[in-house]
Amino acid sequence: MTTFNCKNIKRSLECIRDLCRHSDIIALQETWLLPSEISYLGSIEADFGYTGTSAMDTSEGMLRGRPYGGVALLWRRSVFNNVIVLPCNNSRVCAIKIITSDRPIIVVCVYMPTDSQDNLPVFTDCLSVVSAIVDEYGIESVYILGDFNAHPYSIFYYELLNYCYDQRWSCIDVELLGPHSDTYTFVSEAHGSRRWLDHCLVTDAARHSISKVYIMYDVLWSDHYPLILHFNIKIISKKLSSIQSNSVNNNVRWGQRSEEEILLYQSECNKRLKSIDFTEIFTDCAGCYCDRPNHQGAIDILYNNIVISLSEAAVTSRKYPNKNKINDRNQNIIGWNKHVKPAHSEARLRFRIWLLHGKPESGRVYNDMCESRKIFKSRLKWCQNHQDLIKMEKLATCHDKKISFRFGKKQRG
């Protein structure tokens, strides 16, 4: 699996053909193709399928300046013979769903804007689009490759790490190579500075399938270098959340508990945690860098059993409120106005426009409506999953304002 910012696919054609000889999946950025030239991707290698997008709008007449943008995905047909192209409705994103005998995977290619504060909204919107795609299809194993323009310790890099933390994903290239290594994937032609801009994000289910990551530094066709990842689709592990996704977790209610509930929770936790099997693997193997698949699987099982035990204890110790007093469905979502309301308004507007146009099943109006709904659902889900965090932030903000007010009052006095 390879990601490469080719900076003009026609100029880098021979390099890409060489990559096709060694990789089964290739993610390309800055292809510089016009909408009418997307079929050019099919001429690179006969055994490779393709999909791509163009960033250039030819509807307004003649283009001026050099070409720009565009992303593409290539895959080896003899290895992956059942591939579905997923609609993304964003010129910076393209995605495919690969159906295998064991379980499907999703591969996404992204090209982010230049790292700056002004471009941060575009960066976060692209991440929201990717998140919406993953949520819509519910696939456990996902690989997101591309030029993120996220050098370690830059604005975009921290935003990317926050995104990975929220989604429980990993930036696998940084994780395996180390953020303090001398790794770089880009060299500026203007002043020779080196940056690590290209990355690969993976879900928990896909994390252990990546065995090796390296940069191909002997490529001179672009100012970027290809990022190569060795992955074994046969050892993709099952995502923990899918194992835990039962009615128990859905019934866990967070918030304040009475003293009686706390004592009951402690008792239930002790009873359940004592029954978990602690295998000999954890005592016989004390290596910090153990990479045995069966040991990693045992850790996953232990972790899952602990989470289920704590969840069951939380449900058992919960005192259900009177339904006449509290109706969970009618409770407001904390953070709606700040995090969800703009996307909700946009989705409603696009839906009304779609209705006025007679509910078309394709075209720009239909795509805008679908895209706005994806973004709204993604932000709503994030808000619902982070209610406690948002509540604590609001409490901290109110507390700081009170301190500031009191201090100002004393100063005036």
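Every read-out reported here was derived from the displayed coordinates using simple, explicitly stated rules and does not represent laboratory data. Every value quoted in this text rests on a predicted model; they were computed, and no experiment measured them. Reconstructed Cβ throughout: ideal geometry from the backbone, glycine too, with neighbour counts over all protein chains shown.
Overview of results
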{"quantity": "Potential lengthening between Leu220 and Lys359 on full extension [0.36 nm per residue; Cα-Cα distance subtracted]", "calculated": "45.1 nm"}
{"quantity": "Full-extension gain in nm, Asp284 to Asn385, via 0.36 nm per residue minus C-alpha separation", "calculated": "32.6 nm"}
{"quantity": "Flagged links, alpha-carbon separation over 31 Å, of Lys212/Lys394; Lys10/Lys212; Lys274/Lys381", "calculated": "Lys212/Lys394; Lys274/Lys381"}
{"quantity": "Peptides 189-196, 40-47 ordered by average Cβ neighbours within 10 Å, highest first", "calculated": "40-47, 189-196"}
{"quantity": "Proximal aspartates and glutamates to Lys377, defined as alpha-carbon separation beneath 15 angstrom and excluding residues fewer than eight positions away on the same chain", "calculated": "Asp125, Asp135, Glu136, Glu346, Asp368"}
{"quantity": "Packing rank of 26-37, 265-276, 73-84, where each peptide gets the mean count of other beta carbons within 10 Å, highest leading", "calculated": "26-37, 73-84, 265-276"}
{"quantity": "For the stretch 74-212, the fraction of alpha-carbon pairs in successive 5 Å shells from zero, as %", "calculated": "2, 9, 19, 22, 20, 14, 8, 4, 1, 0"}
